[in-house]
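Okay, so here's the structure we're looking at.
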Amino acid sequence: MTNYSKDVIDGLVAWTQELQKCDGNPDCIRQSGQELRKSLDDIFPSSAKLEFDNDKINYIFSTIFFLSNRLNKALIGLSEVDDAINNLVTDKKQEVNGDSKDKDLGEFESVLNKILSDYF
């Protein structure tokens, strides 16, 4: 008897509990994602172990892996955006000279573009 749906949900619950402990830390989120992928690997057998090889079942399994991977990457990117925005706001509060405003925004734009290319 299989329990894929229950096991995946239990794995996602454990993952979200770990994410809550990360407090927005990108490295912690990245590590939690690796643990989620390991958990999914443990839940889903390799196709050689299935009694039937069915493209539709493999499609469902690969969709779960793809979506969990994309969600984890999006969360890492989001936490890095938080850091970039917080750094920009902190820097602006400390800046008195208005000339550096364009430079700060340009640097922020570069950081944002890198985050988008890395995670989205």
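Got a sec? Which helices (runs of 4 or more DSSP H) wholly within the range 10-120 have at least 2 residues that are at pLDDT 95 or above? It comes to 26-43, 55-94. Listed conditions (1) under 17 Å from the mean Cα position of the chain (by Cα); (2) open to solvent by 70 Å² or more (accessible area, probe 1.4 Å) are all met by Pro26, apart from (2). Name the single residue that is nearest to Val8 (Cα to Cα) among those in the range 62-75 being open to solvent by less than 60 Å² (accessible area, probe 1.4 Å) and touching a residue at least 40 places away in the same chain (Cβ under 8 Å). Per the stated criteria, the residue is Ile64.
The values are calculated or read from the model by the stated rules, or taken from the named source; none is laboratory data. Quick caveat, the model's predicted, so the values are computed rather than measured. In this analysis, Cβ positions are derived from the backbone assuming ideal geometry, glycine residues included, and neighbour counts consider all displayed protein chains. Note: areas computed on protein heavy atoms with side chains; ligands, DNA, RNA excluded. Shrake-Rupley method; radii C 1.70, N 1.55, O 1.52, S 1.80 Å.
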